[in-house]
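Here the structure is laid out as structure tokens; the discussion comes afterwards.
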Amino acid sequence: MTVVHYLNQFFAGLGAEEAADHEPVRLDGAQGPGKALAAAGLAIDLTVACGDDRFALDENECLATLLSWIEEADADVVVCGPSFGSGRYGYACGVLARELGRSGMPVVAAMTPDSPGVLASEGAAYIVPTTGNVAGMRDAVPIVASLAARLAAGDPVGSSEEEGYLPRGLRVNVLSDELAADRAVGLLLAKLGGEVRTEIAPPTDRVAPPDPLADPTAALVALVTEAGCVPQGNPDRLPTRHANVWLRYPIGDRADLAPEDYLSVHAGFDTTDANEDPDRLVPLDAARALVQAGRIGRVHDEFFTTTGVDTPVAVSRRMGQEIGAELRNAGVDAVILTGT
């Protein structure tokens, strides 16, 4: 049995954010979480890794390299992660799992249920749900190891309810001795009784787009960001990740956000370029130019900020509602919302 393990730069021991642009690399044996998988009975033969930023920027090239290495290793199963609540890492795991699944390769991954990797995988992987951080490693590893070992051996795997992985949105045909009419009536009665669910719930909210501005030249426009832009020194201690608060800071008559006055404390991307010019996060200079050109009316005198990394959906929804209420009360007509 040959097992290949995919990790990002941090869990492969290549470095933290400073190594996020690391090119794909092959490493013999188990690295990082792979050692925990080995202790749980799943020996790792090869680890392949890639920096989160590199994968995001050069997805096709990185995918081709990783897939070729996995094919060369003649893998029986591939494990991706755990990526926990990391958005970039989770997405890379999901995309790699999707491409491997299309070729018939068994894949097991682990991440939070709201990770972008779940949707990116398109049901190709058996995804074990985790907590948002490495505290969930202990619970996830035995399930991942068990599923991967059985998939590699060709042994049967039970349903998501039985095994603990997320529903994959797939239906499997089985033979039954019961007549179709009897099964249909039985399923209907079970559904009416709340005993079974036959639909897959949508994973996200559906937000209807608002009507366009009637007159942008008269609009009051606010700047909102999840890029963690704060005054130098982070005086209000905005969390670098798992944020459950948002902050606001006055803009006044500033023409732009100077690097000596502002920085990003976001822990989910390399902030070097952003900190060289904070207007890349909160485009105050561009908004002022739009005002000067008569394209918009004026800019709201405060900008709103938080850090959008590893933030649960429920917390994000609550913060969005709170910021939205503040903007409505201030008479704001439109928002320029920037993300990382």
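The values are calculated or read from the model by the stated rules, or taken from the named source; none is laboratory data. It should be emphasised that the depicted structure is a prediction, and the values quoted were computed from it without experimental measurement. FYI the Cβ positions are ideal-geometry reconstructions off the backbone, even for glycines, and counts take in every protein chain you see. Areas reflect the complete protein model, heavy atoms only, side chains present, ligands, DNA and RNA absent. Shrake-Rupley method; radii C 1.70, N 1.55, O 1.52, S 1.80 Å.
Of the residues that sit in segment 183-208 and are part of a loop (DSSP other than H, G, I, E, B) and either more than 27 Å from PRO113 (Cα to Cα) or at pLDDT 80 or above (or both), which one is most open to solvent (accessible area, probe 1.4 Å)? Here the answer is GLU195.
Residue-by-condition table, conditions (1) in contact with a Lys or Arg (Cβ under 8 Å, 6 or more places away or on another chain); (2) in the same structural domain as VAL134 (by TED's automatic domain parsing); (3) charged (D, E, K, R); (4) without any contact (Cβ under 8 Å) to a residue 12 or more places away in the chain:
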| position | (1), (2), (3), (4) |
| --- | --- |
| LYS35 | no, yes, yes, yes |
| ALA40 | no, yes, no, no |
| VAL48 | yes, yes, no, no |
| ASP52 | yes, yes, yes, no |
| ASP58 | no, yes, yes, yes |
| THR65 | no, yes, no, no |
| SER68 | no, yes, no, yes |
| CYS80 | no, yes, no, no |
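A search for C-beta distances below 9 Å between a residue of segment 130-157 that is within 16 Å of ARG168 (Cβ to Cβ) and any residue that is small (Gly, Ala, Ser) and not in a loop (DSSP other than H, G, I, E, B), counting only pairs 6+ apart in sequence or on different chains, returns ILE143/ALA110; VAL144/GLY81; VAL144/ALA109; VAL144/ALA110. Filtering segment 256-272 to residues that are more than 27 Å from PHE10 (Cβ to Cβ) and surrounded by fewer than 20 Cβ atoms within 10 Å (Cβ to Cβ) leaves ASP256, ALA258, GLU260, ASP261. No other residue among ALA287, ALA274 is in a helix (DSSP H, G or I) and more than 18 Å from GLY233 (Cα to Cα) apart from ALA287. Mind listing whichever residues of segment 125-157 are small (Gly, Ala, Ser) and under 15 Å from ASP76 (Cα atoms)? Hits for segment 125-157 are ALA125, ALA145, SER146, ALA148, ALA149, ALA152, ALA153, GLY154. Restricting ALA92, ALA73 to residues that are in contact with a helix residue (DSSP H, G or I) (Cβ under 9 Å, 6 or more places away or on another chain) and either closer than 25 Å to GLU17 by Cα or open to solvent by 10 Å² or more (accessible area, probe 1.4 Å) (or both) narrows the list to ALA92. Here is a check on your reading of the model: is ARG54 basic (Lys, Arg), at pLDDT below 95 and either part of a loop (DSSP other than H, G, I, E, B) or open to solvent by 30 Å² or more (accessible area, probe 1.4 Å) (or both)? Criteria met by ARG54. Taking segment 209-255 as the range and being open to solvent by 30 Å² or more (accessible area, probe 1.4 Å), of a type in the set (A, V, I, L, M) and part of a loop (DSSP other than H, G, I, E, B) as the test, the residues that pass are LEU213, ALA214, VAL245, ALA255. Only residues that are more than 18 Å from ARG98 (Cα to Cα), over 22 Å from the mean Cα position of the chain (by Cα) and among the small types (Gly, Ala, Ser): list them for segment 141-168, please. Of everything in segment 141-168, those that are more than 18 Å from ARG98 (Cα to Cα), over 22 Å from the mean Cα position of the chain (by Cα) and among the small types (Gly, Ala, Ser) turn out to be ALA145, SER146, ALA149, ALA153, GLY154, GLY158, SER159.
Every test in (1) more than 16 Å from the chain's Cα centre (by Cα); (2) open to solvent by less than 50 Å² (accessible area, probe 1.4 Å) is passed by SER103 save one, and that test is (2). The set of residues from segment 16-39 being part of a strand (DSSP E or B) and either crowded, with 18+ Cβ neighbours inside 10 Å or in contact with a Cys (Cβ under 9 Å, 6 or more places away or on another chain) (or both) comprises VAL25, LEU27. Of the residues making up segment 303-331, those that are in a helix (DSSP H, G or I) and within 17 Å of PRO116 (Cβ to Cβ) are VAL313, ALA314, VAL315, SER316, ARG317. What about ALA267, is it within 22 Å of LEU57 (Cβ to Cβ), assigned by TED's automatic domain parsing to the domain that holds ASP301, touching a residue at least 24 places away in the same chain (Cβ under 8 Å) and not in a loop (DSSP other than H, G, I, E, B)? No: the conditions fail for ALA267.
Given the structure, is LEU284 of a type outside the set (Lys, Arg) and open to solvent by less than 50 Å² (accessible area, probe 1.4 Å)? Considered against the rule, which asks whether it is of a type outside the set (Lys, Arg) and open to solvent by less than 50 Å² (accessible area, probe 1.4 Å), LEU284 comes out as yes.
Each row is one residue, and each column tells you yes or no for (1) assigned to a helix (DSSP H, G or I); (2) in contact with a helix residue (DSSP H, G or I) (Cβ under 8 Å, 6 or more places away or on another chain); (3) outside the structural domain of LEU42 (by TED's automatic domain parsing).
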position: VAL128; (1), (2), (3): no, yes, no
position: GLY136; (1), (2), (3): yes, no, no
position: ALA140; (1), (2), (3): yes, no, no
position: VAL144; (1), (2), (3): yes, yes, no
position: ALA181; (1), (2), (3): yes, no, yes
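Give the residue that is farthest from the chain's Cα centre (by Cα), with candidates limited to residues of segment 299-331 that are of a type in the set (A, V, I, L, M) and surrounded by fewer than 17 Cβ atoms within 10 Å (Cβ to Cβ). Among them, the one singled out is ALA330.
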